[in-house]
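Structure first, then comments.
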Amino acid sequence: MSATWLSLAEAEQLVAERLGASPRAAHSRFVGGLMRQLAGELGADTRLWQLAGLVHDLDYFAVDGDWSQHGVQTAEWLKDRLPDEALSAIAAHDHRTGLESAMPIADCLRLADGLAVLDEDAGRDRTLAALAGGSIADVVGRRTFLIEIIAGNAAKHGVRLATLSNLLAGLPRQDQL
């Protein structure tokens, strides 16, 4: 990585400054941890993927509900601090922006973000059981789009749902971050 790229300590500081002690900060830390594990599983750059996950929601409060800008603003803020692949993934992680990126880091950021939402909504035990059982359809509730985001992106990169269950089981609950 370039010497001018964001460090993990700087990313943590940005999370604290922009997201405070909110549940969104915990979510971001969780996504960062899951991205690190996914990168390890796929042989990618664990530090870069963790950074992308950690900072992906820095603009959550700044966009003030304009979800077409969510992630886009963060990518702009960090344009000289992360490589293009990470910036593209961050800008495209929320489908409401209309932006797309087919790079593995982008697919996995969407996957990790979706899994974090499912973990919160359905609860850890139900999510783990569903993943281990090979189908999340019964636990997504009205958020059926999570099936494609999680299962579709996992399948695209050869990651079994049971593997996601194992990765998730190794992470602290979001309310502990």
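Every read-out reported here was derived from the displayed coordinates using simple, explicitly stated rules and does not represent laboratory data. The model shown is predicted, which means the values in this text are computed figures rather than measured ones. Here Cβ is always computed from backbone atoms with ideal geometry, including for glycine, and neighbour counts include all displayed protein chains.
On the basis of the beta-carbon distance and an R0 of 25 Å, Ala21 and Met103 show a calculated FRET efficiency of 0.20. Distance from the Cα centroid of segment 144-162 to that of segment 53-97 is 22 Å (rounded to whole angstrom). Here the Gaussian network model covers the chain, with springs between Cα atoms less than 10 Å apart; of Leu38, Leu109, Leu19, Leu19 fluctuates the most. Annotation for Asp175 and Glu10: the two label points, set 7 Å from Cα along the Cα-Cβ direction, are 3.5 nm apart. The mean sequence separation of alpha-carbon pairs under 8 Å and at least six residues apart, normalised by the residue count of the chain, gives a relative contact order of 21 percent.
Dividing the convex hull volume of the alpha-carbon atoms in the chain by its residue count gives 103 Å³ per residue. Modelled spin labels at Glu76 and Ser135, positioned 7 Å past Cα toward Cβ, are 4.4 nm from each other. Each Lys and Arg Cβ is given +1 and each Asp and Glu Cβ -1; about its Cα centre, the chain then shows a dipole of about 440 debye.
Between Asp84 and Thr46, the distance separating the two model label sites (each 7 Å from Cα on the Cα→Cβ line) works out to 2.8 nm.
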